[in-house]
1. When the Karplus curve 6.51 cos²θ - 1.76 cosθ + 1.60 is applied with θ = phi - 60°, which whole-Hz ³J(HN,Hα) does each residue of region A:273-285 get, with x for Gly and Pro?
2. To the nearest 100 Å², how much accessible surface do chains C and B hide from each other in total, with a 1.4 Å probe?
3. Closest to the C-onto-B rotation axis, which residue of chain C has its Cβ, and how many Å off the axis is it?
4. Which of A:Asn105, A:Asn175, A:Asn44 ends up with the largest GNM mean-square fluctuation for chain A, with Cα atoms connected below 10 Å?
5. Take the alpha carbon atoms of region C:127-190, find their center, do the same for region B:121-156, and report the distance between the two centers in whole angstrom.
6. If we hang a label 7 Å off Cα along the beta carbon direction at B:Ala298, how far is it from the matching labels on the other copies, in nm, shortest first?
7. Rg(Cα) of the protein assembly as shown divided by 2.2 N^0.38 Å?
8. Long-range amide H contacts for D:Val222: which residues qualify at under 5 Å (H placed 1.01 Å from N, peptide plane, sequence gap of 5 or more or a different chain)?
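The values are calculated or read from the model by the stated rules, or taken from the named source; none is laboratory data. Just so it is clear, the model here is predicted, and its values are computed rather than measured. Virtual Cβ from ideal backbone geometry, glycine too; neighbours counted across all protein chains shown. Surface accessibility is based on the protein's heavy atoms, side chains included, excluding ligands, DNA and RNA. Shrake-Rupley method; radii C 1.70, N 1.55, O 1.52, S 1.80 Å.
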Amino acid sequence: QSMPAPFDNPGEVEIALVRYLSTGDFFQAYLSGVERQAEALGVNLRVLDSRQDAALQADMVDQAIALGVDGIIIQHGLTESMKEAAQRALDAGIPVVAFDVNVENENIPQIEQSDRDLARLALEQAIADNGEEWTAGYVYVPGIAPLDRRHETWTEFKERYPGINEVAQFGTLDNPIANSVANQARSVISANPNITVMFAPYDEFAKGVKIAVDEAGMSGQVSIYSADISTADIAAMREPGSAWKATAATNPAVVGEVSVRALAMLLAGEDPGDQVIVPPTLITQQQLNDENITNMEELSARVPAFAHADVAAPDWMPLPSAPSQN
Amino acid sequence: MTARDLAIRYGFLVLMAGLIVVFGVTASGFLTVPSAVFILQSVAITGILALGVTCTLVVGGFDLSIGAVATSALMLSAYVMVVWEMGAVAAVALCLLMGAGVGLINGFLIVKMKVPDLLATLGMMFVLLGIQRIPTEGNSIATGMALPDGTTATGTFSPAFLALGRLRLGDVLPLSVVFLLLIAVLVWSFLELTRHGRLMYAIGSNAQAAALAGANVERYKVAAYVISGVLASVGGILLAARLGRGDVASGNNLLLDSVAAALIGFAVLGASKPNAFGTAIGALFVGILLQGLTMLNAPYYTQDFVKGAVLVVALVFTFALTGRRTRSA
Amino acid sequence: MTARDLAIRYGFLVLMAGLIVVFGVTASGFLTVPSAVFILQSVAITGILALGVTCTLVVGGFDLSIGAVATSALMLSAYVMVVWEMGAVAAVALCLLMGAGVGLINGFLIVKMKVPDLLATLGMMFVLLGIQRIPTEGNSIATGMALPDGTTATGTFSPAFLALGRLRLGDVLPLSVVFLLLIAVLVWSFLELTRHGRLMYAIGSNAQAAALAGANVERYKVAAYVISGVLASVGGILLAARLGRGDVASGNNLLLDSVAAALIGFAVLGASKPNAFGTAIGALFVGILLQGLTMLNAPYYTQDFVKGAVLVVALVFTFALTGRRTRSA
Amino acid sequence: MDGSAIRVRGLSKAFGPNRVLRGIDFDLPAGAVTVLMGANGAGKSTLVKVLCGVHPTDRGEVTLGGRPFAPGSPAQALRAGVVTVHQNIDDGVVPDLDVASNLLLDQIADGSVGVASGRKLRDRARAVAEAVGLRVDLRRPMAELPLADRQLVAIARAMAHKPRLLILDEPTSSLSAAEAERLFALIDRLRAQGVALLYISHRMSDIRRIADRIVSMRDGVVSGVFEAQPLDTGGAVRAMLGRDLSEAAITIPAPGPVVLSMQGTVLRPGARPFDLIARAGEVVAVTGLVGAGKSALAAALFGLAAPVAGAMRLDGAPYAPASPIAAIARGVYMVPRDRRANTLIADFDIARNLSLPFLRRHARGPFLRRRSEAALGARMVAEMGVVCRSPRDGILTLSGGNQQKVAVGRWMAEASRLLVLDEPFQGVDIQARRDIGAKIRATARDRATLVLVAELDEAMEIADRILVMSEHTVAGEHRNENLDLSSVMRQVTDAHGAAA
Ligand SMILES: Nc1ncnc2c1ncn2[C@@H]1O[C@H](COP(=O)(O)OP(=O)(O)OP(=O)(O)O)[C@@H](O)[C@H]1O
Ligand SMILES: Nc1ncnc2c1ncn2[C@@H]1O[C@H](COP(=O)(O)OP(=O)(O)OP(=O)(O)O)[C@@H](O)[C@H]1O
Ligand SMILES: [Mg+2]
Ligand SMILES: [Mg+2]
């Protein structure tokens, strides 16, 4: 199979991944997807990790420019700090794609995991399971972009279904997050023993709520709906009598692969489109039990939609051989 | 006793009682046994860490590495059970060993290498934060996870281990609370009732004089860091048992909250110095505050605010009244 | 000078030079002007905070609130411009005032209310972490955000304000680096060359003696916290200017990183005490290390590990050699 | 009033229920040295601290040069020309700064020195130091200087101030005769310049040398003013004690078996080796100038620093302690000098300070027995005559001399084989010194006792035998009977002239 330039000589190509967030399973899995797709293409990858320092992240884009990389993936960050840096990269003739951060630039394709869809899928399942009237607890920390987008969907749902009665909103990012959220959730359910649905649209939140519900001995009564998934989450969802009923997730590794592929298309002179959306999948407890799924590999194997996103995949694009995992 | 003395001694406890009354009235379900048990459970881990840091404060030191030790124990216990497929006993033993080892190294750096305590333990904190993530390349540890060599981890958290965080005695009292109370009593007795504790206080106040009075200053200082390391690893074990997986976490909040508890302890009973009883009360105080506020649906940022404000007010009250300046920890 | 004295004085600088050489050889592009500028820029904000905390260390205190002051300044400046729609001057002035005010309160608590420094500033830290999120209910501040009263914020970050973080002199040297260098020189001159600085060292070493010699101990202590607060707010302003947004999650690591820089400063030139030159070098050292490792593609967790390990080794080297125990910060 | 720089009327000061000053009236004339005498805890230092702005008064008034004087801070007092050298030396110096900064500290504080480094600063510092004959490296950190030099730095700084009233609170407590004499010469000069001087001391030799008048204090009131020449020092002592001073009569006991023997001991490289024997029942005083090696001898005996050469035996068995722990295990106890740095635990009360080395004895297993400790506290407070309200008082609320009694008492509470006391009388009043001395002698029967003192008077008051140290070796030995003072003094100042 013949490859378009510059991938006919991929050893000469270097791409940079400039990260804002890195700690945690999601980001680790995303990185592994990026690495795998870069390896499949045979290009060199340089990872610049700003560790949640937005100013540093902008500097790192400049640094990547100075290092003369051929393409840049921006992973998360703040619009305001990344906008100009991304423009500088374009000015230097370096193609850029951005994952989960809007840099307000039409020449920069947005890779998205559609947080609104994530929240929608999970909430639709909650409606399907519990009807249109329930008492809810909601876990949310404002100021975090993906959580803010999921929050918008939650607000819409509450308007559409007035039977949803939110009696408590809580949340914290104190780490270990699951432990801190568990403490809060314990207080919330002892103050509001009538809660039947917990919407926790981030898996660390859901994990914490599940611990609290278990400790309070209320697993039979409360149902948890969340977003994101990992091997550990699968185990927690499948525990006998688990309150964690469903989660909506995109496979972060797949998102990582798609990010590289979109960038590769730009490098080859093709247009991946302004928005490259990786569609989310709903994963229910029932489904995991029925198909006896115990980890991310099995999930990918049994749920093809989760394993692979058929986006940004022109014919010439080599795909990673191993299944997307963890 | 003058009114002032009374205020110094019991001011903080009265404040805490007042808090309980206020929450009891405003938050339904606050004044119940499950709520009380839960408050204890929520502060068990920070409380245990705080008791450890109290020991280092007593000898005039400080341990910034406790949060990282706790998360290292969390990762290590998960690794031992999930990847190495060993049992609960091995996991606990290795974690305690790790904690003691870190304490030994901290003590060695501080006592023998003369590195200032804050520096040595800060360095150790960074080392641990890095090292605990290397075996899994930054991933959390859970059954079924893919290992760097391509295989899949098949071990599970042993039920005995999980029981440490989840079992309830008589269906009421969680084991972790039992551990907290036990450790609090142990540390308190050690510091207040034994000659070793007395010597540690002497060392903290004037190490040179303690040495000339025949105390083995270096050994006691190292011992304090070992105690701190071991207790931090106990905290990490309980955390792992509660979470049931090896979550990647920095432990910064564990550090801050335990330090807060230990420092609040200065104000309890007008001690004006590190003390185990005060530390336990300090941890409880923070737990009550957070439980009450959460039950009142206060957002997390108001909790931080109230925590800080009550802390400052309580401390001003105590320290301004005692009117004497203690060595700052 | 003996070899040992030389090692004490220059050991750390030699280590840093060695690091530069190693990275220069192994990481292509490390030894370039953009890379050097990048390193300086990456440490500018922590460096400025660290210089502030150095002043409190000099008077024998400690300021745990600097990180929270910086993020408060970040949020405040954004609020002033985006919600109140005021200009750059107002934003900067209000932030500096806020920093000075927090420093004053810290100083007041410590000096007048006799609250131990760690406690007072820890409480202040929690208060600020909470208070800075209350006006926006925890949301980030950006143009177009919905306000709690239902309206939409229409103000924007003024270009003059953004220039503070983004302008480059001669297209090379960022303004923030200029600020860092300026402040470093100022703080250094103040501490080393003026009588005020000398008195602050005297107070840190023996406050009683300094008071009896006629120094106004309380005023100098308060001044140290005010300096620390103001410098932290300068750091926050620069951060806001770089981000262009009042982002609540930013600035988490500021406290630990600046404390690390200030403490590493103890080891520079064998000072064994807080000092501005050492602090600046300490900040630079961490910047060089992280930049080099990033260029070598080391994952984030190995960076923590190496940072900690190099820190410990460097400090053991210095302190074990000087062989004398300094008051622990 | 003419001639009176300072008038004090009805001055009162209490710490909580403890009424320390109860209506003090006295004058300090210009151009004269007024010696303030008083037993430990009489309130002398408190009076000083009121005069120099550390403590506010409760009642009473002070006038300085005819105008009301109520300094709100030490800085105000300094500006008014009231300069103080405090009893606690650590109140006078800053350990982490260099000597030059310490010498100029109050000039730096009041702004008359603007810049904090450079040659000019050091030149000024050198001038200050040389005025009291102090020669040290000005760049050295203060912490490295021996106690005596630290005290001299504090004195030098005060002298440089051109004071109207100079207050010296036990300035010679850690100086030996030669340095003290230099200080007296300076005092003579200031007196000639018309400065009012208030001098506090427990050393009779100091008082006889420089006093123009004596004010005696007892229990917070002035109990006598002595101005008629020649000064009635006996009357002053009687006024301060409220009774006669007891006599210190030495009867030398028959020598017991040898407890400690040192052979060919070399205390530091280049020092001449010496031999030393101490017997049971015997009290041996070791005297010599500051820096003569007395503390080095104590350090060797207590396992703090091994001698360069030589063998030690304790009760016939080889003795080479590696640490104080090893020394204590063999029954060798030491009362170190400089109680604040080396002995007292500031956070502890009196009883806890006393029990510190012998906690094992007050514990069952690891657990402390509070009652046993309390009994010890009560016993030692009584035996040492510590002036306090109860053994549960915080140690720092005691006056300097009473703190010293606790420091000595700590090691007298248990029987020892060899007791080394390094400057045990530092800051102790005359009567208490006699009492402690008598106590040391009374309990000396079963152990050997070494008392290291710079003052020959003190040595003669307590010892059976006096060793003279010079340049880190023993330069002479004398039985404490019909002492040939001139020979002793020669040995003190010159090691080679009087080879033993
Ligand atoms: N800060 C204080 N708090 C409480 N009591 C104090 C304080 N300072 C001094 N005292 C008490 O005041 C009394 C007098 O102490 P002061 O230091 O003035 O005695 P002094 O005459 O200087 O004795 P000495 O000769 O031993 O130095 C003592 O009983 C002491 O306990
Ligand atoms: N409290 C102590 N702790 C440790 N070491 C001590 C102590 N006191 C003295 N030393 C040791 O003793 C030595 C001090 O002796 P130095 O040479 O100053 O003469 P000195 O005769 O002891 O002085 P002085 O006549 O003032 O007692 C130091 O080298 C020190 O090592
Ligand atoms: Mg006195
Ligand atoms: Mg000596």
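1. Using θ = phi - 60°, the values come out as x, 5, 10, 10, 9, 9, x, x, 10, 8, 10, 9, 4 Hz.
2. Its buried surface, counting both partners, is about 4500 Å².
3. Taking Cβ atoms only, the nearest residue and its distance are C:Asn252, 4.
4. Most flexible of the set in this elastic network: A:Asn175.
5. Using only Cα atoms to place each centre, the spacing works out to 37 Å.
6. 4.3
7. 1.02
8. D:Asp25
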